[in-house]
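One structure below.
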Amino acid sequence: MSFAPETRSATDARLTEDIKASTRDEPVSARLRTDERVLARVTDGIYRQPGSAIRELVSNAYDADATRVVIKTDRPRFETLTIEDDGNGMTPDALAYLLHHIGGSAKRSPDGSGLGITDQDDPLRSPNGRRLIGKIGIGLFSVSQLTNRFHLVTKTQGDDSLTVASVVLRQYSDHSPSETDDEGKYEAGLVKIWREPALNPEAHGTTITLTDIRPQTRRTLRSNEVWAVVDADPSLNPEDSRAVEPPTFHIGRVKHDDPSSLEGDAEPYDNLPWSHDDDPEPAFAKLVNAVWKQIEGKSTNPRLSDIFDYYLRMVWQLSLSIPAPYVFGSPFELPIGDGMLPLRDPDGHQGRSPEL
């Protein structure tokens, strides 16, 4: 499918109609185009850490009124990552707009309500009234630092079909300055899109599956640098002869000579603060309690890197940055007492202070 110079709305309309008429056997092939070249430079650097890209996908789900987001990994191998949400999903119109306007988000604009991604009367809110946290429209493509391939399945409530997109991304470093089309846009990737019958017309949401995870991303998620230091022979460094202890809690690791196998296959290969049969909420509560137990009785706060490997630190940091409720209630709602004392400053403003 080629794009002659047209107005954006006409190009989007063409792609929308092609998507609606597509099937698995006859998919639509299209180019991803960005509105501003600078955004490719941003996505080349702002999401270096895997957790940053995952956070953006969670934020997208929040803006789509999701009440549940499930992130699945094959830890500690990390060959694939899947992010599922039960949000509103995307119509073919919304998907066409997204693919043609990376960085030109319809959120916070009049276009949003027509595409079903913002409130009809307030472009700053989601269809169900949440205040939007996404801004510049590159959240989905933040995954370019994790992989250059991903698979997207999305569906809106009441639609008899779901929409599937298979995406191959390009980074800015893959381009030469002359690679622009007649409108001055440059190609950010290629996508094949098709529609399939839905088993449940009332279902809704989006699932994004990342494959071909970049080697550097896998090394980071596997905590390769951490384990390299733990495994190092202390006698090789005369300035520091101390043996380095592994993190207190970790997800295990793959074997150096065979990434398909795990270290300690014959016994528990990981050490987690929760049980493998725990549901997510009690599991995370145990993760929080594990940190508190490390703090109790110590004169200084332990380093998070001593308690967790990279993956568990990422989970901890994500919990602090995504729009999710506190495990044990908001600190701003703690009652005075039980370790909390009222504090009145000289100007008469009352606050709270931890008991020392």
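What follows draws every value from the coordinates through simple rules; no lab data is involved. The structure presented is a predicted model; accordingly, all values stated were derived computationally and were not measured. Ideal geometry is used to build each Cβ from the backbone, glycine not excepted, and the neighbour counts take in all protein chains shown.
Structure summary
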| read-out | value |
| --- | --- |
| Hz values of 3J(HN,Hα) by residue in region 141-150 - Karplus curve (6.51, -1.76, 1.60), Gly and Pro given as x | 8, 5, 5, 4, 7, 9, 7, 9, 9, 8 |
| Pair ILE295, VAL230: separation of 7 Å Cα→Cβ label points (nm) | 2.4 |
| Amide H contacts under 5 Å for THR248, placed H, 5+ residues apart | ILE307, PHE308 |
| Other-chain or far-sequence residues with amide H under 5 Å of ARG125's (modelled H) | ASP119, LEU132 |
| FRET efficiency for ARG303 and ASP279, using Cβ-Cβ distance with R0 set to 35 Å, rounded to 0.05 | 0.75 |
| Ordering of 153-165, 17-29 by packing [mean C-beta count within 10 Å, highest first] | 153-165, 17-29 |
